[in-house]
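Below: one structure, written as structure tokens.
What follows is calculated from the coordinates using simple rules that are stated; it is not laboratory data. Here the structure is a predicted model, which is why all the values come from computation and not from measurement. Because the Cβ atoms are built from the backbone with ideal geometry, glycine has one as well, and the counts that use them run over all protein chains shown.
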């Protein structure tokens, strides 16, 4: 092996070690939704729960907000709607595997039953709930 190759191998190993030290392995997902009392209470209610994963800086998320709030008002008593800011609730977002926003997750019986990513008309959002 040439000296140049050994140097590149050593530099590569050091960079891998630095990256691993800085970021480490991915944290394990939370065993429950303990990070969000609101989500935990909504799931415990026994009603279906529509979880809106959003961020304040997300344009499509902002565009969906009126539809989400209107649907929550229309289906009050039949459906719980919980908004989760992905920037403030990273563990919950990771637990649900949210990689793109807006992301709507329907939970029924404590389990995820449907998921839709991206902006949509209110009618499509309502179809997602099945109500």
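Selection of first residues in the range 101-130 that are without any contact (Cβ under 8 Å) to a residue 40 or more places away in the chain and of second residues that are in a helix (DSSP H, G or I) and surrounded by 13 or more Cβ atoms within 10 Å (Cβ to Cβ), restricted to Cβ pairs under 7 Å at least 6 apart or on distinct chains, gives the following pairs, ordered by first then second residue: 114/128; 116/128.
For the range 57-75, name all the residues that are in contact with a helix residue (DSSP H, G or I) (Cβ under 8 Å, 6 or more places away or on another chain) and either under 13 Å from residue 104 (Cα atoms) or surrounded by 18 or more Cβ atoms within 10 Å (Cβ to Cβ) (or both). Hits for the range 57-75 are 64, 67, 68, 71.
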